[in-house]
Amino acid sequence: MVNELGFAPWDDPGAAPLIRIERVSKRFGDFAAIDDLTLDIYPREFFALLGPSGCGKTTLMRMLAGFEAPSAGGLVIDGQDMAGVAPNKRAVNMMFQSYALFPHLSVWDNIAFGLKRDRMAKPAIADRVDEMLKLVQLDGFARRKPHQISGGQRQRVALARSLAKAPKLLLLDEPLGALDKKLREETQFELMEIQEQTGTTFVIVTHDQEEAMTVASRVAVMEAGRLVQVDTPDRIYEQPNSVYVADFIGDVNLIEGRVGALGDTVRLDWAEGRSLTGQAGGALTPGAAATLVIRPEKIAIARDEPTEANRVRGKILDIGYLGNLSTYHVALPEGPVVKCSVTNRSRLSRRDFTWDDEVWVSWSDTAGLVLGA
Amino acid sequence: MLRVFTAIPYAWLFVLFLVPFGIVLKISVSDYAVSIPPYTPTFDLAAGWDGVVAFVAALDFENFVFLTEDDLYWKAYLSSVQIAAVSTGLALVAGFPIAYAMSRASDVWRPALMMLVILPFWTSFLIRVYAWIGILANEGFLNQFLIWSGVISEPLQLLNTPVAVYIGIVYTYLPFMILPVYASLDRMDPALLEAAEDLGCSRLSAFWHVTWPLARPGVVAGSFLVFIPAVGEFVIPSLLGGSGTLMIGKVLWEEFFSNRDWPVASAVAIILLLILIVPIVLFQRHQARERAA
């Protein structure tokens, strides 16, 4: 992981960002696609814009590419104000969701397209195209037309073409959306490798949270034209700053209640005379409505009463068998259903629990996060 | 069962194209005669094998030789090809922007624009050509308007000139240019132009490097659809062009109906067909090669 190598320019006050997005808004008529958004992205980052469709992530990317102009605010890339700078004058390249490969040109000519526009010398173009073909492992396909290669190969051509001009910033619009799951997972790691090799700053737009978590050095979760949280993948997952982020990223149990006593941990009164404890995720006031956020994999399931701080009794409503994991849906008598996922360490035939069993579910007092409503 | 169905179009082509073509070809190698039908020999089944031999022996290519002797014919061919080529170019110049605008129009407008392109077909072709006489005549609408607006003081001689023929052909065949060009532009992913700009193209060079090559199949198809009927066009030159415009369709008509010389007329038609077929075959070879590459 990039993080573990100590790459964290966003924590360094002296680091100069490559991209400064300052109070940018974009309105289409009455609709605000981007609403007063401020964000810095640093050189060599692999930055993911994550959010549901219509959250403005694509609009933000198109503004970086120059296809949309901000309605308000400023955009600076590498120290240069981008106001009024046309897409063909920016040191920014984009990999399109549809790949947008030129169907009348061969793979080779597609990759050479941008270089030819720069009036590069012919031998230099040939060298660069060959280098790009090697980078994406498509050496033997230079003469093919886009319709003569597979979807995965087209994706690589699109990547090679957008990297050929060695942009300062590469924008990737749902780059893996058209690939099947297995190929997508392989390609994610290739993307990371290529990003490291070339040292290019990548900004990726995706609605796939797993993809964002896998590839990105930082993830920005967006909702309705605003940034909800910008953080490293592990913090986005472990320390979501809102129920929205917690619910958007991965699977989660949400238990609503009121804030009780505040201390090292927070007590949440969630049903008549019953309480749970968790870490405070932000400022809380006693008595205010709050939600306990707890990931299914942090919950244990047992037949006998455990000793953990948080333990509740319930009945198994449903079991989802995923092969490696099983997800138990445990209905509590107070109403909520708690999802609890357990690694299947023994064979299915030796499973301890079955439908309608009375069980205990439990988790430690620091496993959950209490977030203000 | 499938074979029967695939045989139907071939049977159709055979009956409605090859058989009539065979008949015309036969007449073109016959001799003029004052009889009904106006040529000899005619095929006589009753005479048996000797009849067939005599029939074949009577056929010759002297009508084709005749076409080379009178310079009227090659001049008419040349002028037809020239008029058709210029008209095709003009139709492309007029039709491409229309097709381009249609492909860029919003989905709400597109059906209406498409309808406007097709609309003229709802009126008889002949009536529309006659309408142009009313527009282009010396006392026609166009001259009246130009004199009224003070652009000219004397009416322009438009009718019975080549200009009127160009106007007539371009007007008539414009939809045949617009529709295939529109079809090829409409298929184009708009992201391609953004990709071109992203990679360093200006708007103009993006058009030249992306839009134009992708529209080319439509442009070629449209050009053939305009050029081929325009070469053999008869109605427009005779109604709008007057006697000064020489076109092979008119010559053909006169051979058939004024001279009643069916063999020479048939020879003219056969040569016209060859003139049209050669570029089509060359074009298809080129297409096949480009696909294989």
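Values in this text are rule-based calculations from the coordinates and carry no lab data. Small disclaimer: the values here were computed from a predicted structure and weren't measured. Positions of Cβ are backbone-derived with ideal geometry, glycine not excepted, and every protein chain shown enters the neighbour counts.
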- Message: What lysines does A:K298 reach when the alpha-carbon gap must be under 19 Å and sequence neighbours fewer than 8 apart in one chain are set aside?
- Response: A:K315, A:K339
- List the aspartates and glutamates whose Cα lies under 20 Å from the Cα of A:K122, skipping any in the same chain that are fewer than 8 positions away. A:D109, A:D130, A:E131, A:D139
- Towards the positive end of the charge dipole of segment B:144-243, with charges on Cβ (+1 Lys, Arg; -1 Asp, Glu), say which of B:L156, B:P175, B:S243 has the farthest Cα. B:S243
- Task: Work out from phi, with θ = phi - 60° and the Karplus expression 6.51 cos²θ - 1.76 cosθ + 1.60, the ³J(HN,Hα) of each residue of segment A:111-122, listed in order in whole Hz, and give x for Gly and Pro.
- Result: 5, 7, 3, x, 5, 5, 5, 7, 6, 6, 5, 4
- Message: Can you tell me, using C-alpha contacts under 8 Å and at least 6 residues apart, the relative contact order of segment B:164-293 as a whole percent?
- Response: 24
- Task: With a length cut of 30 Å (Cα positions projected on each helix's long axis) and a Kyte-Doolittle mean of at least -1.0, go through chain B and give me the DSSP H helices that pass.
- Result: B:71-104, B:162-186, B:262-292
- Return the single residue from B:P111, B:P217, B:P41 with maximal mean-square fluctuation; model: Gaussian network over chain B, springs between Cα atoms under 10 Å. B:P111
- Query: What do you get for Rg/Rh of segment B:175-247 when both radii come from the Cα atoms and Rh is the Kirkwood radius?
  - Reply: 1.24
- Within-14-Å neighbourhood charge of B:V34 [Cβ basis; K, R +1; D, E -1]: -1
- Item | Fewest-first ranking of B:M188, A:M63, using other Cβ atoms within 10 Å as the exposure measure | B:M188, A:M63
- Task: Using only the alpha carbon atoms of the protein assembly as shown, find the Kirkwood hydrodynamic radius as the inverse mean reciprocal pair distance, in angstroms to one decimal.
- Result: 32.3
- Message: As a quick test, which of the pairs A:K134/A:K165; A:K57/A:K116; A:K57/A:K168; A:K57/A:K145; A:K89/A:K182 have an alpha carbon distance above 27 angstrom in this structure?
- Response: A:K57/A:K116; A:K57/A:K145; A:K89/A:K182
- Between A:R226 and A:R119, what is the spin-label point distance in nm, taking each point 7 Å from the Cα along the Cα→C-beta axis? 4.9
- Counting only residues 5 or more apart in sequence or on a different chain, those whose built amide H sits under 5 Å from that of A:V370 are A:Q279, A:A280, A:G281, A:V293
- Task: Could you tell me which chymotrypsin sites (Phe, Trp or Tyr not before Pro) in segment A:76-156 are loop residues by DSSP with no more than 14 other beta carbons within 10 angstrom of their beta carbon?
- Result: none
- What are the extents of the Cα atoms of segment B:39-162 along their three principal axes, listed from largest to smallest and rounded to whole Å? 73, 46, 25
- Please go through segment A:315-361 and write out the chymotrypsin sites (Phe, Trp or Tyr not before Pro) that DSSP classes as loop and that have at most 15 other C-beta atoms within 10 Å. A:W355
- Message: Report the rotationally averaged projected area of segment B:1-60 based on its alpha-carbon convex hull, in square nanometres.
- Response: 5.8
- Message: Once the cut-off is 18 Å, how many percent of the Cα-Cα pairs in segment A:263-373 end up in the long-distance tail?
- Response: 51
- Query: Under a 5 Å amide H to amide H cut-off, with H placed in plane at 1.01 Å, what residues pair with A:D78 once short-range neighbours are removed?
  - Reply: A:I19, A:R20
- Quick one: Karplus J couplings for segment A:246-263, per residue in order, coefficients 6.51, -1.76, 1.60, θ = phi - 60°, nearest Hz, x for Gly and Pro? 4, 6, 6, 9, x, 8, 8, 9, 10, 10, 8, x, 10, 5, x, 6, 9, x
- Item | FRET efficiency estimate (nearest 0.05) - Cβ-Cβ, A:D247 to A:D356, R0 30 angstrom | 0.60
- Message: Give me the percent relative contact order of segment A:246-373, please, defined on Cα pairs under 8 angstrom at least 6 residues apart.
- Response: 32
- Based on the alpha carbon coordinates of segment A:325-373, what radius of gyration and maximum Cα-Cα distance (Dmax) apply, in Å? 13.3, 43
- Taking chymotrypsin sites (Phe, Trp or Tyr not before Pro) in a DSSP loop with at most 11 other Cβ atoms within 10 angstrom as exposed, one finds the longest site-free stretch of chain B at B:62-293
- Item | Positive-end extreme of charge dipole, the protein assembly as shown - chosen from A:P17, B:L199, B:V268 (charges on Cβ) | B:V268
- Message: Ignoring everything except DSSP H segments at least 4 long, calculate the 222 nm mean residue ellipticity for chain B; use -39,500 (n - 2.57) per segment, divide by total residues, nearest 500.
- Response: -21500 deg cm²/dmol
- Task: Largest first and in whole Å, give the semi-axes of segment A:7-66's equivalent ellipsoid, each being the square root of 5 times a Cα gyration tensor eigenvalue.
- Result: 24, 12, 10
- The alpha-carbon pair-distance distribution computed for segment A:29-152, with 5 angstrom bins and whole-percent values, is 2, 8, 15, 18, 16, 15, 13, 9, 4, 1, 0
- Task: Compute the distance in nm between two label points, each set 7 Å from the Cα along the Cα-to-Cβ direction, one at A:F67 and one at A:A126.
- Result: 3.4
- Message: Which residue, B:S103, B:N63, B:F43, has the largest displacement toward the positive end of the dipole of segment B:16-117 when charges sit on each Cβ (Lys, Arg +1; Asp, Glu -1)?
- Response: B:S103
- Item | DSSP beta bridges in the protein assembly as shown [antiparallel fraction, %, rounded to 5] | 75
- Message: Give me the tail of P(r) for segment A:125-198 as a percent: Cα-Cα pairs with distance above 16 Å.
- Response: 48
- Taking N as the number of residues in chain A, what is its alpha-carbon radius of gyration divided by 2.2 N^0.38 Å? 1.17
- What size of dipole, in debye to the nearest 20, comes out for chain B about its Cα centre when the only charges are +1 on Lys and Arg C-beta atoms and -1 on Asp and Glu C-beta atoms? 840
- Query: Which of the trypsin sites (Lys or Arg not before Pro) found in segment A:79-129 are loop residues per DSSP with 16 or fewer other Cβ atoms within 10 Å of their Cβ?
  - Reply: A:R119
- Estimated D of segment B:1-110 in µm² per second, where Rh is the Kirkwood radius over Cα pairs and Stokes-Einstein applies at 4 °C, 1.567 mPa s: 67
- Volume per residue that the Cα convex hull of chain B spans, once the total is divided by residue count, Å³: 236
- Let me have the relative contact order for segment B:61-292, percent, based on Cα pairs under 8 Å that are six or more residues apart. 29
